[in-house]
1. Can you sort 86, 92, 207 from fewest to most other Cβ atoms within 10 Å of each residue's own Cβ?
2. Which whole-number percent is the relative contact order of the range 3-322 (Cα, under 8 Å, 6+ apart)?
3. Counting other beta carbons within 10 Å of each Cβ, put 313, 302, 295 in order, fewest first.
4. Can you classify the range 3-322 as rounded, prolate or oblate using the Cα gyration tensor, where a ≥ b ≥ c are the square roots of its eigenvalues, rounded means a/c under 1.5, and otherwise it's prolate if a/b beats b/c and oblate if not?
5. Most exposed first by the Cβ proxy, i.e. fewest other Cβ within 10 Å, how do 64, 287, 259, 222 rank?
6. Suppose R0 equals 25 Å; then what is the FRET efficiency for residue 245 and residue 215 from their Cβ-Cβ distance, rounded to the nearest 0.05?
7. If you take the square roots of the eigenvalues of the alpha-carbon gyration tensor of the range 177-326 and sort them as a ≥ b ≥ c, do you get rounded (a/c under 1.5), prolate (a/b over b/c) or oblate?
8. Treat each spin label as a single point 7 Å out from the Cα along the C-beta direction, and report the residue 175 to residue 280 distance in nm.
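Since every read-out is calculated from the coordinates, none of them should be taken as a lab result. Quick caveat, the model's predicted, so the values are computed rather than measured. Ideal geometry is used to build each Cβ from the backbone, glycine not excepted, and the neighbour counts take in all protein chains shown.
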């Protein structure tokens, strides 16, 4: 194969994974009327399965409360339930998770949650962070000016929340150009931080971020490949750790700590779910935590008081299910 063509294929995959895989909101093949949101109880499960005919981009647990985030382009939605419930409730609400927003990820924050994504502006998308307290009433955080771009991932560690994303060369082009990050302080003020130790991706971006038990793990995918970095606090510094190696492009879309280490979930260039378990020094391929077809992929994983939950999204359907992390 011509090397230039291979690079183009890899670059196209990475950009598509960023804009349609990680964000999971740019597809046009969802049913026009949507499918009704349904929940069903499974024997032995604390969290009911949730099915919806719109994208889900992430799931997070704060104690026994679980929050799922998703929706179509410019129409974000949020749903919640608690361990032991038999139904999910929509909690989108409020003017500050507005109709013009796009969402990409969600994480626990304090007694509530933080969601990230973007707000459309005349010159292109602008990074956005939305926060909610225990009442799940959303409001938009005030961020420093960052130019056109989107936030792609969020995580909280030690009471500080880190939102990461990618700037675009132009708002209309939306080609990933450089990473950025914002962190909050004890008063809730957000300020820019540098990802010290994380090299700028080549035509790629940060695709996943998670607290893996006292440390943050950050994943990047670009035309060179997939890379992982770990930090002891939201403001860094970061150091590189071993990442799974595949011969073809692979994007990590969800990270979660498990009993024996870390679980990574993503997809490859053939749109196949791929998962790896390891301890940051070695990785082994494992089955996805849910039964998926070739068009589905895990977009989020979380632990709700011992109930391990996975969220998955496909071209026409999305669901959340309590699964085994083993």
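1. Values: 86 9, 92 15, 207 29.
Least crowded to most crowded, the residues run 86, 92, 207.
2. 16
3. Numbers: 313 28, 302 25, 295 15.
Final ranking by Cβ density, sparse to dense: 295, 302, 313.
4. Values: a/c = 1.22, a/b = 1.13, b/c = 1.08.
Rounded.
5. Values: 64 16, 287 11, 259 8, 222 24.
Fewest to most other Cβ atoms nearby, the residues stand as 259, 287, 64, 222.
6. Details: r = 22 Å, r/R0 = 0.87.
So the FRET efficiency works out to roughly 0.70.
7. Details: a/c = 1.59, a/b = 1.30, b/c = 1.22.
Prolate.
8. 3.5
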